[in-house]
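One structure is given here, and the rest of the page talks about it.
The values are calculated or read from the model by the stated rules, or taken from the named source; none is laboratory data. Here the structure is a predicted model, which is why all the values come from computation and not from measurement. Cβ placement follows ideal geometry from the backbone for every residue including glycine, while neighbour counts extend to all protein chains displayed. We work out accessible area using only protein heavy atoms, side chains counted, and drop any ligands, DNA or RNA first. Shrake-Rupley method; radii C 1.70, N 1.55, O 1.52, S 1.80 Å.
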Amino acid sequence: ALSNVLSMIKLFDMPQGGSVTPASMLPLMLFAYVYGVGPGMTVGAVYGVMQFMIEPYFLSVPQMLLDYPIAFAMVGLAGLFSKNENRALGLSLGVVLGSLGRFVAAVLSGVVFFAEYAGDQNPWVYSIGYNGAYMLPECIICVVLALAVGLRLTQQLSKAK
């Protein structure tokens, strides 16, 4: 729910989709960090379906699946570093990996389904640049906030688990 609310606050909106938000992926990443990759990817995929329902963009079923449930499921990869002894490092690496997973799905979607926007450019270069323009700032915001408040929140979530 918090990820959905934060996703509606757009700090910067891209013309063909995508935006920088105040860390809308962070609640999903914190969940994955505490509960693990499998539950994190499941919650991410459900979130992706909800995002599609809130702001649908549909070209085909494969595009919809890659842009929504698959891309957001990748955010659950943040749980891979939860066993790291250095919790700050583990959480930071998890946030980066979850962001990278979503980025890879978005780049693939850009190359496969939105290559016409590249014009004369190589579709890979265009998709990496386009998606990086909003996902890199989003990742940085998530890492900063994860270190500022996420460590304490994951500690509290672990107690409630």
Shape descriptor, the chain: equivalent ellipsoid semi-axes (Cα gyration tensor, sqrt 5λ, whole Å, largest first) stand at 27, 16, 14
Taking a probe of 1.4 Å and leaving out DNA, RNA and ligands, region 1-66 shows per residue an accessible area in Å² of 49
Mean separation of Cα contacts under 8 Å (at least 6 apart) over the residue count of the chain, i.e. the relative contact order in percent, is 25
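Ranked from the most accessible area to the least, with a 1.4 Å probe and all protein chains present, what is the order of V111, V46?
V46, V111
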Diffing region 138-145: the Karplus 3J(HN,Hα) column from phi (6.51, -1.76, 1.60, θ = phi - 60°), in whole Hz with x for Gly and Pro, holds 4, 4, 4, 4, 5, 5, 4, 6
Within the under-14-Å Cβ sphere about R152, not counting R152, Lys/Arg +1 and Asp/Glu -1 give a net charge of +2
Between V61 and R152, the FRET efficiency computed from the C-beta separation at R0 = 45 Å comes out, to the nearest 0.05, as 0.65
Placing each pseudo-label 7 Å from Cα in the direction of the beta carbon, V5 and Q121 end up separated by a distance in nanometres of 3.6
Reported to the nearest 10 Å², E55 has, with a 1.4 Å probe, an accessible area equal to 90
Rounded to a whole %, the carbon-and-sulfur portion of the accessible area of the chain at a 1.4 Å probe is 71
Per-residue accessible area, 1.4 Å probe, largest first, puts K83, K10, K161 in the order K83, K161, K10
Taking placed amide H atoms and a strict 5 Å upper bound, the residues 5 or more places from S19 or on another chain that come that close are M14
For region 67-161 the mean separation of alpha carbon contacts under 8 Å (6+ apart) over residue count, i.e. relative contact order in percent, is 29
Expressed in angstrom and ordered largest first, the alpha-carbon extents of region 67-153 along the principal axes are 47, 21, 17
If R0 = 30 Å, then M14 and V46, at their Cβ-Cβ distance, give a FRET efficiency to the nearest 0.05 of 0.80
If R0 = 41 Å, then L89 and I54, at their Cβ-Cβ distance, give a FRET efficiency to the nearest 0.05 of 0.75
Treating only Lys and Arg (+1) and Asp and Glu (-1) as charged, each at its beta carbon, one finds that the chain has a dipole about its Cα centre, in Debye to the nearest 20, of 760
With the dipole of the chain defined by +1 on each Lys or Arg Cβ and -1 on each Asp or Glu Cβ, the option from Y57, I9, S19 whose Cα lies farthest towards the positive pole is I9
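Over region 76-128, average the accessible area per residue using a 1.4 Å probe and give it in Å², no decimals.
53
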Calculated from DSSP helices alone, with each H run of at least 4 adding -39500 (n - 2.57) and the total divided by the residues of the chain, [θ]222 nm to the nearest 500 comes to -20000 deg cm²/dmol
